[in-house]
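One structure is given below, encoded as structure tokens.
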Amino acid sequence: MDGANDYDMELRRRAQAVIPGGMWGHQHVQRLPEGYPQYFTRGKGCRTWDANGRGYIDYMCAWGPMILGYQDPDVEAAAARQREMGDGLNGPTPALVDLAELMVETIPHADWALFSKNGTDATTACVTIARAGTGRRKILVARGAYHGAIPWCTPSVAGVTEEDRAHLIQYDYNDIASLEAAVDQAGQDLAGIIVSAFKHDVGKEHILPTRAFAARARELATQADAALIVDDVRAGFRLHIGGSWELVGVRADLSAWSKAIANGHALAAVTGSDRFRKAATEIYTTGSFWTAGVSMAAAIATITKLRDTNGVAHMEAMGLRLREGLQKQADSLGLKLRQSGPVQMPVFLFEGDDDRRIGNRFCLEALARGVFFHPVHTMFLSTAHTPAIIDETLEISAEALRATANAL
């Protein structure tokens, strides 16, 4: 686009003057190959439009929250009904109780639910509840795992002290011996073991938990009377309606939820077992907007629709259709594409592509043709991705892969 008419670049220039760095966090466009848009103006179904008016089939789904698609009519109708009556009031709306009942009914390990606004709230509350419920301090965390943007777990070192992480002990995901060693190191001070739904480190192959690892984590937590915490902020409701580790036959004591819980409306939750009910009443957590009713009404509509339409199975089928199609295309061109993670939450990497040259080129070629992939981060499918959308994507990816192979 002509630079004089590039609204996205204009917004970036204006942001630099009034926002530190011009943007923040993992969405900073400077971390992507040149050519990606930073600002977006609208979304509908599984498509988004950037500030320059270009449309894309979207495989980031707002970095995960859009599980039914942008502007899902049932979710937005529920949100609008609640908004007409009120959102933030002097106390919570009845939607608070309705949603808590729905989550307890839907999630097998849940005897209760608490609500907040983002994933960091939820994971931090889980850790706090685990410590309150056990009277201990040590939390076991997998190396490289991301559990939020707050000093106890942030990947940043700026502004963070050693004391902030003094009671964390690291282990290697899916490595039973490493986990056992971390438990031994914690000794009698073990409060909890926190695990991701699967290993989804940025820029690396995604790895699903083994049944043996999951079972051992559950056993070790039980033996120590500590909390097994599943961080389902990223994967919750996409892999299994009752929680991601249902797929490996393990149920948590505490789980953190956010992203897809309300189809784009700001909400997070903690669910827990009766073992930690008392502790959940004793800790102090609050927020100015934590009891707002609109997002809770949206969450009720989202979870109900996912359950009643078997949305997880649909996303899995569409993800498999995409994965198989892409692999066939790449193989035919001699491109060593490595797809990993659950099919509804994929990451695309290329063998030997340490400098990201191949992956960046493929994603930019797809972007130029109207498909928004990410070269290193977990991507997301929604129920709005239909067979026709996947086939349209594959038509574009075939061209993008061919252009990539020719450039190499």
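At a glance:
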item	result
Check on residue 217, in contact with a helix residue (DSSP H, G or I) (Cβ under 7 Å, 6 or more places away or on another chain), surrounded by fewer than 23 Cβ atoms within 10 Å (Cβ to Cβ) and in a helix (DSSP H, G or I)	no
Check on residue 15, buried (at least 19 other Cβ atoms within 10 Å of the Cβ), in contact with a helix residue (DSSP H, G or I) (Cβ under 7 Å, 6 or more places away or on another chain) and either without any contact (Cβ under 8 Å) to a residue 24 or more places away in the chain or assigned by TED's automatic domain parsing to the domain that holds residue 233 (or both)	no
Count of residues meeting criterion [over 19 Å from residue 239 (Cα atoms) and either free of Cβ contacts under 8 Å to residues at least 12 places away in the same chain or of a type in the set (Lys, Arg) (or both)] in the range 308-331	2
Filter pass, residue 209 being within 25 Å of the chain's Cα centre (by Cα), more than 17 Å from residue 128 (Cα to Cα), modelled with pLDDT of 95 or more and of a type outside the set (A, V, I, L, M, F, W, C)	yes
Flag for residue 42 being touching a strand residue (DSSP E or B) at 6+ places or on another chain (Cβ under 7 Å) and surrounded by fewer than 18 Cβ atoms within 10 Å (Cβ to Cβ)	yes
Any helices (runs of 4 or more DSSP H) falling wholly within the range 288-405 and containing at least 3 residues that are of a type in the set (A, V, I, L, M, F, W, C) and not assigned by TED's automatic domain parsing to the domain that holds residue 265	311-332, 357-368
Set 97, 104: member being in a helix (DSSP H, G or I) and touching an Asp or Glu at 6+ places or on another chain (Cβ under 8 Å)	104
Answer from 220, 247, 239 - the residue that is in contact with a strand residue (DSSP E or B) (Cβ under 8 Å, 6 or more places away or on another chain) and not assigned by TED's automatic domain parsing to the domain that holds residue 348	220
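The values are calculated or read from the model by the stated rules, or taken from the named source; none is laboratory data. Since the model is a prediction, treat every value here as computed from it, not as a measurement. Positions of Cβ are generated from backbone atoms using ideal geometry, with glycine treated the same way; all protein chains shown enter the neighbour counts.
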